[in-house]
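FYI, it's all coordinate maths here, none of it is from the lab. Keep in mind that this is a model prediction, so the values were computed, not measured. Backbone-built Cβ (ideal geometry, glycine too); neighbour counts: all protein chains shown.
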Amino acid sequence: MRDFFFSKKFKIILCVLAVLVGITLYTVKESSSDPANSVISKIFAPFQKLSTSIKNGVENSLSVITNAKQNYDENIELRKKLDELYVKIIDYQKLKNENDQLRRVIGLKEDFPDFAFSPPCQIISKTANDPFGSFVIDKGTKDGISVYDPVITDAGLVGIVTKASTTYSRVTTILSPEVPVGAYCIRNNTTGIVECDAELAAEGICRMKYIEKDSDLEVGDIIVTSGNSGLFPKDRIIGTVEEIYIEESGLSKTAIIKPIADIKEIQSVFVITSFNGQGESYEEE
């Protein structure tokens with residue numbers, strides 16, 4: 001914009017404008033009674049309109065330039081206020097999430113008074129290329145977490161801690177074949193082992209094997225931990241029965257289990273650091 005005011009084009013416009021303004025002033029001054037002047041006024045009327053238009057355009061351009069700095073400062077101030085508002089919204093959402101998590105862990109403690117829980121744990125990363133959904137949480141041994149501690153949500157079982165460092169831990173989920181879980185049906189006490197493989201894990205489901213052939217297990221039945229292995233507390237919900245079929249051997253049944261916790265979508269968990277007086281504490285770096 002500054003270069004335009006020093007350009008040859010701008011100088012020509014100024015000269016034309018000056019001539020038009022001069023003619024306009026002259027015709028106005030001399031047109032009071034002289035018919036000739038009236039004729040001249042009519043001749044130069046278009047030029048008067050043009051000069052007025054140019055004058056208004058120049059004034060508008062100068063006004064834009066004059067107000068540009070003020071508008072820029074106002075925009076910067078508005079941007080600053082918006083940024084502050086965004087920060088407040090983010091802080092509010094974080095506080096709300098923390099309060100929700102604390103309410104859930106308080107509820108867990110009320111339901112299971114013999115259990116000790118870690119603080120709420122956020123999932124900070126998912127293990128790349130792991131079909132079984134393992135992940136890393138932001139709590140470790142300084143928060144009382146140890147290897148083999150069970151990992152849950154307020155809905156149900158998620159997995160187990162397989163590495164515990166000072167400030168973070170790795171969790172292997174029940175979608176992994178490395179985490180078989182003793183289980184039973186709360187309706188009829190039908191027992192079995194919940195396990196998984198890569199094909200099932202891709203669908204986010206498990207299977208319960210070694211079910212007696214004569215069991216009356218039904219679709220929709222709730223499956224919970226049996227606690228027989230000592231790794232998991234008893235009666236934590238694993239999932240629900242979606243399908244039942246007889247093994248090829250004809251000696252037992254297998255049930256497809258849908259985990260109650262959506263393991264591939266969860267963002268936060270709790271770690272049970274001890275239960276019913278059990279709990280082992282050591283650190284693996």
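What is the sum of charges around Gly220, taking Lys and Arg as +1, Asp and Glu as -1, for the other residues whose C-beta is under 12 Å from the C-beta of Gly220? Walk me through the intermediate numbers first.
Details: positive: Arg187, Lys258; negative: Glu218, Asp221, Glu242, Glu243.
Here the charged neighbours net out to -2.
Highest-first packing order for the peptide set 157-163, 143-149, 195-201 is 157-163, 143-149, 195-201, based on the mean count of other beta carbon atoms within 10 Å. Excluding Lys209 itself, calculate the net charge of residues whose Cβ lies under 10 Å from the Cβ of Lys209, where each Lys or Arg counts +1 and each Asp or Glu counts -1. Charge balance near Lys209 sits at 0.
Summing charges over neighbours of Thr190, with a neighbour being any other residue whose Cβ is under 13 Å away from its Cβ, gives -1 when K and R count +1 and D and E count -1.
In terms of the mean number of neighbouring beta-carbon atoms within 10 Å, the peptides 215-224, 168-177 order highest first as 168-177, 215-224. Backbone phi angles across the range 248-264, fed through the Karplus curve with coefficients 6.51, -1.76 and 1.60 (θ = phi - 60°), yield HN-Hα couplings of 4, 5, x, 9, 8, 10, 10, 10, 8, 10, 9, x, 5, 8, 6, 4, 7 Hz in residue order; Gly and Pro are listed as x. With θ taken as phi - 60° and the Karplus curve 6.51 cos²θ - 1.76 cosθ + 1.60 applied, the whole-hertz 3J(HN,Hα) list for the range 234-245 is 6, 6, 8, 5, 9, x, 10, 6, 10, 7, 9, 8 Hz, x standing for glycine and proline.
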